[in-house]
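Undergrad: If you scroll down you'll find the structure; I have some questions about it.
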Amino acid sequence: MTSSTITSTGIKHDIADASLAAEGRKRIEWAGRNMPVLQQIKERFAKEKPFAGIRISACMHVTTETANLMIALKAGGADIALCASNPLSTQDDTCAALVHEYGISVFARNAVDRDGYYSHINAALDIQPHLVFDDGCDLVNTLHTTRTELIGEILGGCEETTTGVIRLTQMAKDGALKFPMVAVNDTNTKHMFDNRYGTGQSTIDAIFRATNLLLGSKTFVVAGFGYCGKGVAERARGMGANVIITETDPVKALDAAMQGYRVMPMNEAAKIGDFFVTVTGNSTVLGAEHFQVMKDNAVLANAGHFDIEIDIKWLEENAKVKNRKIRHQTDEYVLANGNRILLLAEGRLVNLGAAEGHPAVVMDMSFADQALTSEWLLKTVKNLNPGVHNVPDEIDREVASLKLISMGVVIDQLTSDQEHYLNSWEHGS
């Protein structure tokens, strides 16, 4: 378990090293320079104070990009407590800077154990939040299981990732979700920028940092062809890999086939793959029957939110030799047949476990969605029932428009005649 401390200015926190604050501030400011949309929103928030008197508990990846979102919300008047949604993604210098340079409560340490992880979630909830931000649904799940006394204060919240939306949707279906949650993950701008381009680049980046292996001419297996899977597959093919897709959804499998990828069951792909990336949000996508037929030195990585997609327990229990950290975030498991399997980032979210996650310019879109959605939620929450709700289309379009402006891109505008045509039914062929 962990215990929090308080700064001289009264900021509660539990972080690894306060001396990293100055370095963390430099990195936060660097990320901010590449997040022009969020900076515009922060400037407006600072003037209008839409979150005055509002307490926000956030369970998210504690990175420089997340830091800029927290700073924008604080500028808008919010009282914030932040904890980590993944221990391996936590940047200790960012934590230190948020506490000691920006006056924001943070409860996060890199590589904290499971008890510490949930201790931090509970510490973030101790502020008795009005709004919650989640990335994977662990904070919301905690509220509905062990911290139910806080639910009465909560107006609603936002969920940032696919896995979290899946869990929330099931909670709503079972009648268990007690307040409205908005699926920020499901906006078009996030699907396009974050899930596809962000996950694609950052996953490949993580594989390179962990292994320094060449992708060209290698067989690269992607499990799952959703937005994230599409991004990983595109980037791997762009690096010269021969890409195979495995899927359970016939529509997505057809899409992959029509784009020229080989599509086959994982039992077949396991025999010929050099690299494997799981990005499904489901459990045991790679298991014993796959490990036992893989090539020597097969590389395994998970780009899904939770470390459930690769059966790590089987590897731990059945490998005859385990070589920890033979490279940066690379563990080697030697099987009974002598073949070696290389597991990256302990099977956790590889792009944040073995690299720095998405580029700031990508997270600019996602966190702009998050910031504007939370503002909208405060204004409309009285009209929302408990359940999972979509982000209004006008927010998605506003974020896209601001992004185009920041890129210097100008697009056409509909004429009045064109608008009339699109909004009428009288015109024939």
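Undergrad: If I compute solvent accessible area with a 1.4 Å probe over the protein chains, what percent of it on the chain is carbon and sulfur?
TA: On the way: 9350 of 18830 Å².
Here it works out to 50 percent.
Undergrad: Projecting each Cα onto the charge dipole of the stretch 1-110 (Lys/Arg +1, Asp/Glu -1 at the beta carbon, about the Cα centre), which of T94, I41, S105 comes out farthest on the positive side?
TA: I41
Undergrad: Estimate the FRET efficiency between A336 and M192 by the formula 1/(1 + (r/R0)^6), using the beta-carbon distance for r and 41 Å for R0, to the nearest 0.05.
TA: Working: r = 45 Å, r/R0 = 1.09.
Between A336 and M192 the formula returns 0.40.
Undergrad: Full extension from E101 to E48: what is 0.36 nm times the residue separation minus their Cα-Cα distance, to one decimal in nm?
TA: On the way: separation 53, 0.36 × 53 = 19.08 nm, distance 2.30 nm.
Length gained, E101 through E48: 16.8 nm.
Undergrad: Which one, V165, V409, V37, has the greatest fluctuation when you compute a Gaussian network model over the chain with C-alpha springs under 10 angstrom?
TA: V409
Undergrad: Which whole-Hz ³J(HN,Hα) couplings does the stretch 27-38 yield from phi under the Karplus relation 6.51 cos²θ - 1.76 cosθ + 1.60, θ = phi - 60°, glycine and proline marked x?
TA: 6, 5, 5, 4, 4, x, 5, 9, 10, x, 5, 5
Undergrad: Defining a contact as two alpha carbons under 8 Å apart and six or more residues distant in sequence, what relative contact order in percent does the stretch 94-244 show?
TA: Working: 176 pairs, mean separation 22.7, N = 151.
In percent, rounded to a whole number, it is 15.
Undergrad: Rounded to the nearest 5, what % of DSSP beta bridges with both residues in the chain are antiparallel? Mind dumping the intermediate values first?
TA: Working: 11 of 55 bridges.
Just about 20 percent of them are antiparallel.
Undergrad: List the relative contact order of the chain as a percent without decimals, with contacts defined as Cα pairs under 8 Å and 6+ residues apart. The partial results should precede the final answer.
TA: Working: 919 pairs, mean separation 68.8, N = 429.
The normalised contact order for the chain reaches 16 percent.
Undergrad: Tell me whether the stretch 14-152 comes out rounded, prolate or oblate; compute the Cα gyration tensor, take square roots of the eigenvalues as a ≥ b ≥ c, and use a/c under 1.5 as the rounded threshold.
TA: Details: a/c = 1.98, a/b = 1.17, b/c = 1.70.
The shape class here is oblate.
Undergrad: When the C-alpha atoms of the chain are aligned to their principal axes, what extent does each axis show, in angstrom, from largest down?
TA: Reported extents, whole Å, longest axis first: 71, 64, 44.
Undergrad: What is the ratio of the Cα radius of gyration of the stretch 277-320 to 2.2 N^0.38 Å, where N is its residue count, to two decimals? Numbers along the way, then the final one.
TA: On the way: Rg = 10.3 Å, N = 44, 2.2 N^0.38 = 9.3 Å.
Normalised Rg, Cα atoms only: 1.11.
Undergrad: A further question follows. Can you tell me how much longer the chain between T248 and E153 gets when fully stretched, taken as 0.36 nm per residue apart minus their C-alpha distance, in nm with one decimal?
TA: Values: separation 95, 0.36 × 95 = 34.20 nm, distance 4.06 nm.
In short, 30.1 nm is gained.
Undergrad: Shifting gears a bit: How about the stretch 326-427: which chymotrypsin sites (Phe, Trp or Tyr not before Pro) there lie in a loop by DSSP and see at most 11 other Cβ atoms within 10 Å? Can you show the working numbers first?
TA: Values: sites: Y333, F367, W376, Y421, W425; in loops: W425.
Answer by residue number: W425.
Undergrad: Also, I was wondering about something else. Which of these, G216, G198, G357, has the largest mean-square fluctuation under a Gaussian network model of the chain (Cα springs below 10 Å)?
TA: The residue that fluctuates most here is G216.
Undergrad: Please work out the Cα center distance from the stretch 384-418 to the stretch 92-158, rounded to the nearest Å.
TA: 30
Undergrad: Calculate, for S283 and D417, the FRET efficiency according to 1/(1 + (r/R0)^6) with r their C-beta to C-beta distance and R0 56 Å; round to the nearest 0.05. Don't skip to the end; give the middle numbers.
TA: Values: r = 54 Å, r/R0 = 0.97.
Efficiency at R0 = 56 Å is approximately 0.55.
Undergrad: Something else about it: How big, on average over all directions, is the shadow cast by the Cα convex hull of the stretch 140-248, in nm²? Working shown, then result.
TA: Values: hull surface 35.4 nm².
Averaging across all directions leaves 8.9 nm² for the Cα convex hull.
Undergrad: Run the reach check for K271 against lysines, Cα to Cα strictly under 26 Å, same-chain hits fewer than 8 apart removed. What comes back?
TA: K218, K230, K252, K295, K313, K320, K322, K325
Undergrad: Assuming R0 = 35 Å, what is the FRET efficiency of N267 and K178, from their Cβ-Cβ distance, to the nearest 0.05?
TA: Details: r = 42 Å, r/R0 = 1.19.
Given R0 = 35 Å and the Cβ-Cβ separation, E is 0.25.
Undergrad: Taking the Cα centre as origin and putting +1 on Lys and Arg beta-carbons and -1 on Asp and Glu beta-carbons, what dipole magnitude results for the chain, to the nearest 20 debye? Intermediate results must be reported in sequence, preceding the final value.
TA: On the way: 40 positive and 53 negative charges, 157 e Å.
I would put it at about 760 debye.
Undergrad: For K49, give me every one of the lysines with a C-alpha distance below 29 angstrom, ignoring sequence neighbours fewer than eight places off in its own chain.
TA: K12, K26, K74, K178, K190, K379, K382, K403
Undergrad: Determine the per residue accessible area of the stretch 1-158 with all protein chains present and a 1.4 angstrom probe, expressed in square angstrom. Don't skip to the end; give the middle numbers.
TA: On the way: 5980 Å² over 158 residues.
Each residue of the stretch 1-158 exposes 38 Å² on average to a 1.4 Å probe.
Undergrad: Now a separate question. Taking the stretch 272-359 on its own, what percent of its Cα-Cα pair distances exceed 14 Å? Present the calculation step by step, with values, prior to reporting the outcome.
TA: On the way: 2297 of 3828 pairs.
Of the Cα pairs, 60 percent sit more than 14 Å apart.
Undergrad: Quote the relative contact order of the stretch 114-161 in percent (integer), defining contacts as alpha-carbon pairs under 8 Å separated by 6+ residues. Intermediate results must be reported in sequence, preceding the final value.
TA: Working: 40 pairs, mean separation 21.9, N = 48.
Computed over the stretch 114-161, the figure is 46 percent.
The values are calculated or read from the model by the stated rules, or taken from the named source; none is laboratory data. For clarity, every value in this text was computed on a predicted model and none was experimentally measured. We place every Cβ from the backbone using ideal geometry, glycine too, and count neighbours over all the protein chains shown. All accessible areas refer to the heavy atoms of the entire protein, side chains included, with ligands and DNA or RNA removed. Shrake-Rupley method; radii C 1.70, N 1.55, O 1.52, S 1.80 Å.
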